């Protein structure tokens, strides 16, 4: 369903389990950034009422996820920690087309967002199936389902608003680009790391 070219090695879950505090902090900030991304889409596309409505709902959901992860951190006696740089997302962002018009920019932003949600969904699946901590395994299974919904929402709007563009071809380019960079990740205690 996700179309990702390279799967995450399940042994990545072992790396994560060796430093739960780090993955939880990274995950919390990923949720915050996802909420901020949705708000940014609203700010730049306020005339698209349906998109605004769904992005506001998505932003609230991402903030709820941030709160859920923060609560887990507190319950375990850990600290949130400072925001982490997400090199994976930064590399993806450089692939977005610049100066190609408002509609093309919106479509690329939506595909960029779908790409991140797809990989997050896949990573949450790996965690839910491989992490020994039952509570976190169940938690990541729930989030996997949520991320899959976000992924399809972003693709839906890319297709809707990109009706005069070859959205499917551009999506395949995104998938190929993501495959070219993801191989160097999956070795750290980060959702995309």
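The values are calculated or read from the model by the stated rules, or taken from the named source; none is laboratory data. As the structure is a computational prediction, the values presented were derived from the model and not from experiment. Here the Cβ positions follow ideal geometry from the backbone for every residue, glycine too, while neighbour counts run over all protein chains shown.
Could you tell me which numbered condition residue 135 fails, if it satisfies all but one of (1) surrounded by 15 or more Cβ atoms within 10 Å (Cβ to Cβ); (2) more than 27 Å from residue 50 (Cβ to Cβ); (3) more than 16 Å from the chain's Cα centre (by Cα)?
All conditions pass for residue 135, except number (1).
In contact with a helix residue (DSSP H, G or I) (Cβ under 8 Å, 6 or more places away or on another chain), in contact (Cβ under 8 Å) with a residue 12 or more places away in the chain and surrounded by fewer than 18 Cβ atoms within 10 Å (Cβ to Cβ) - does that describe any residue in segment 22-31?
No, the conditions are met nowhere in segment 22-31.
Count, please, the residues in segment 95-111 that happen to be closer than 20 Å to residue 182 by Cβ and surrounded by fewer than 20 Cβ atoms within 10 Å (Cβ to Cβ).
2
Just give me the residues in segment 1-21 being crowded, with 17+ Cβ neighbours inside 10 Å and either in a helix (DSSP H, G or I) or without any contact (Cβ under 8 Å) to a residue 12 or more places away in the chain (or both), in sequence order.
Across segment 1-21, the qualifying residues are 12, 13, 15, 16, 20.
Of the residues in segment 34-48, how many are crowded, with 17+ Cβ neighbours inside 10 Å, in a helix (DSSP H, G or I) and in contact (Cβ under 8 Å) with a residue 24 or more places away in the chain? Reasoning before the result, please.
Going through segment 34-48, the residues crowded, with 17+ Cβ neighbours inside 10 Å turn out to be 34-35, 37-38, 41-42, 45, 48.
Subsequent filtering for residues that are in a helix (DSSP H, G or I) retains 34-35, 37-38, 41-42.
Of the ones still in play, those that are also in contact (Cβ under 8 Å) with a residue 24 or more places away in the chain are 34-35, 37-38, 41.
Within segment 34-48, residues that are crowded, with 17+ Cβ neighbours inside 10 Å, in a helix (DSSP H, G or I) and in contact (Cβ under 8 Å) with a residue 24 or more places away in the chain number 5.
Looking at the structure I just gave you, is residue 77 surrounded by fewer than 20 Cβ atoms within 10 Å (Cβ to Cβ) and either within 18 Å of residue 167 (Cβ to Cβ) or at pLDDT below 95 (or both)? Even if it seems obvious, please write down each step before you answer.
Details: surrounded by fewer than 20 Cβ atoms within 10 Å (Cβ to Cβ): yes; either within 18 Å of residue 167 (Cβ to Cβ) or at pLDDT below 95 (or both): no.
For residue 77, the condition - surrounded by fewer than 20 Cβ atoms within 10 Å (Cβ to Cβ) and either within 18 Å of residue 167 (Cβ to Cβ) or at pLDDT below 95 (or both) - is not met.
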